[in-house]
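The values are calculated or read from the model by the stated rules, or taken from the named source; none is laboratory data. What you are looking at is a predicted structure, and each value in this text was computed from that prediction instead of being measured. For neighbour counting, all protein chains shown are included, and Cβ atoms are generated from backbone atoms with ideal geometry for every residue, glycine included. For the accessible areas, the whole protein counts, side chains as well, though only heavy atoms, and no ligand, DNA or RNA atoms are used. Shrake-Rupley method; radii C 1.70, N 1.55, O 1.52, S 1.80 Å.
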Amino acid sequence: MERTETRLNPGYGRWTPFWFLAPAVFALLGIGIYPVISALVTSFRRYNITRPREGFPFVGFENYINVLSDQTFWQSMGLTARFFVTVLPFQLFFGICIALLLHRPGLGMLRALARISLVVPLATTYAVVGLIGRLIFNRDFGVANQFLNAIGIGGMDWLGSPTGAFIAIAIMDIWQWTPFCALIFLAGLSMVPVEIEEAARLETSSKTALLRHVQLPYLLPGLTAMLILRSADILKLFDMVFVMTRGGPGAATDLVSIYIQRVGFRIFDMGTASAQAILLLIVTIVLSRLYIRLIYKEIE
Amino acid sequence: MSMTLRRVLHGAGLVAVLCFTLFPFYWMVSSSFKDQSDLLASPPVWFFTPTLANYADIFADEKVFGSIVNSMIVATLTTALSVLLGAPAAYALARFEFRGKSDLWFWFISNRMISPIVLALPVYLLALQLNILDTHLVLILIYLTFNLPIVVWICTDQFRSIPIELEQAARLDGADQFTIFRKIYVPLGLPGIAVSAIFSFIFSWNELLYALVLTRRSVQTAPVMATSFMSGYELPWGKIMATGTVIVLPVTIFALLVSRHMVRGLTMGATK
């Protein structure tokens, strides 16, 4: 160890990196790791804060057993997965279409305008997206029903029916996150070396062949990133859905973050909610390991 | 297909993209200028006489104003703190070699993935014990969990692009690391620091879940306030949409400023 340091002669003291890193590391330990440990401890307790007189006794794995045998928890996990497989194909499809439109040469001004407009959905406060959703999908005076009436399909009670509410939150998510996919695809398309693309365009007039053989290899890394980040984001998804439906009607839009929030902060069963949160964290850690393994290879 | 037809189709496609991305935003803004009867018209009206009454209403409402001030305080201070803590760490990750560097790097970045509900529960209990519920402080600190990773990521990238010769030359002149960081990396890395600050401001400004569970009346942030309108029978849609517009407008402007870096900010560099 000593010798390598002398050989590299880095020109700084052994402790210098520590001083630069310490503030950030200790901050993240304090706000990121310590709460997780404390959630872990809580998850082994019976911990209902509305009944402090009963105390908060340790109950071993009771909470985990309850959660894992709890139908509602699995339903909300299943619903979250269903939400993911519903919105992602649309986001990928519209994303690639938009990216190809923006990548195509010509119409400079309009193209620049369309490209910059992609930022608007991404920056819109998630809670406000929910508010807009409630107005657009209102049964009586929503513009969604006006549109349906105009094309001859009758309007519906979007947020009052289970299927309608699920579709409505899916549409708002598709609106907000399609630009994300479009921008990543666009970045991929612009990585294709110009000479190769030009040569391929001379070889073939088929757009699909060009996409499949020339552009696709450059789109794949971005695709992996999207799959993993979108799944993590949907596990996190709370704000927009909470504002639009609060998980209802019934449990039709009760995604996992909404469900845990309700157990913790409406029923105040912190023990059970912590166990659920820890399980969610495990899923997330697996995902982020995967993400890091697949995406950040070059740094290692 | 003729060239002209293709051009027309391309143009039509781009216009469709614009309609898609801007419609909900447009609907919010236009609704904020409608009076109650236009808002409740069925079917909805597209052309109407605009009114500023909703804006007059919300600016006269102390609660709305106060919540925007709260959001401003929280977002500004947490951004400042993230840059203060994150930029030096980014410098260490960009330029020093030490054991466990890549693990540390991954740990920073993986905080991006963690669901806020995982931390909201224990932080609520801790804040209850420490008696800091419903303070700016608790939000400023908890927002670091997503702001620090973004600052560390963007600044590391930026600092790596600064020629190392500058650092070597400064060291020959006898400058120590702290001086080098302050005199070379901070000024030359300023664009990256600014971009990361804008991102962390946007994320903090937009956050709802932590603000919802960790604050009550006195530190209510703007998103919490906007959602609190959503109770009761006849909703004040004009006020709601005007508040929404006031909340979204500043971050949209910020986002347009950093639009070139949007992908990097959201993916933490998955695509360069």
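The Cα atoms of chain B give a gyration tensor whose axes a ≥ b ≥ c have a/c of 1.5 or more with a/b no greater than b/c, which makes the shape oblate. Contact-buried residues of the range B:1-50, at a threshold of 50 Å² lost accessible area versus the chain by itself: B:Arg7, B:His10, B:Leu14, B:Val17, B:Leu18, B:Phe20, B:Thr21, B:Pro24, B:Trp27, B:Pro44 (1.4 Å probe; DNA, RNA and ligands ignored).
Number of Lys pairs in chain B with C-alpha atoms less than 25 angstrom apart, excluding same-chain neighbours closer than eight positions? The number of close lysine pairs in chain B is 5.
Taking every residue in A:139-145 and counting other chain Cβ atoms within 10 Å of its Cβ, the average works out to 4.
Considering only A:Ala168, A:Ala22, A:Ala225, the mean-square fluctuation computed in a Gaussian network model of chain A, springs between alpha carbons under 10 angstrom, is largest for A:Ala22. Shape of the protein assembly as shown from the C-alpha gyration tensor: oblate (a/c of 1.5 or more and a/b not above b/c, with a ≥ b ≥ c the square roots of its eigenvalues). Within the listed set B:Gly192, B:Gly238, B:Gly13, the Gaussian network model of chain B (springs between alpha-carbon atoms below 10 Å) gives the highest mean-square fluctuation for B:Gly13.
Annotation note: chymotrypsin sites (Phe, Trp or Tyr not before Pro) in the range A:35-112 located in DSSP loop regions with a Cβ neighbour count of at most 13 within 10 Å are A:Phe61. Ligands, DNA and RNA are left out, and with a 1.4 angstrom probe the accessible area of chain A is 46 Å² per residue. If a/c stays under 1.5 just call it rounded; otherwise compare a/b with b/c (prolate if a/b is bigger, oblate if not). Do that for chain A, with a ≥ b ≥ c from the square roots of the Cα gyration tensor eigenvalues. Cα axes put chain A in the oblate bin. Over chain A, with a Gaussian network built from C-alpha contacts below 10 Å, which listed residue (A:Leu107, A:Leu21, A:Leu29) shows the highest mean-square fluctuation? Greatest mean-square fluctuation among the candidates belongs to A:Leu21.
Residues of the range A:87-111 that lose at least 20 Å² of accessible area (1.4 Å probe, protein heavy atoms only) when the other protein chains are present, relative to their chain alone, are A:Ile98, A:Leu101, A:Arg104, A:Leu107, A:Leu110. Take the Cα of B:Cys19, step 7 Å toward its Cβ, do the same at A:Ile196, and the gap between the two points is 3.6 nm.
Take every pair of alpha-carbon atoms less than 8 Å apart whose residues are at least six positions apart; their mean separation over the length of the range A:127-238 yields a relative contact order of 16 percent. Split the accessible area of chain B by element, probe 1.4 Å, and carbon with sulfur accounts for 67%. The Rg/Rh ratio for the range A:82-222, using Cα coordinates for both the radius of gyration and the Kirkwood hydrodynamic radius, is 1.07. Note on B:81-94: average number of Cβ atoms from other chains within 10 Å of each residue's Cβ is 4.
Close amide H contacts of A:Arg45 (hydrogens built in the peptide plane, cut-off under 5 Å, sequence separation of 5 or more or a different chain): A:Val59.
Interface between chains A and B: roughly 9100 Å² of accessible area buried, both sides summed (probe 1.4 Å, protein heavy atoms only). Remark: chain B carries 42 Å² of accessible area per residue (probe radius 1.4 Å; ligands, DNA and RNA excluded).
Within the accessible area of the range A:200-300, the carbon and sulfur atoms contribute 64%, probe 1.4 Å, all protein chains present.
Of the DSSP H helices in chain A, those that are both long (alpha-carbon extent of 24 Å or more along the helix axis) and hydrophobic (Kyte-Doolittle mean at least 0.0) are A:71-103, A:162-189, A:216-236, A:270-295. Within the range B:85-179, the GluC sites (Glu not before Pro) that combine a DSSP coil assignment with at most 13 other C-beta atoms in a 10 angstrom radius are B:Glu97.
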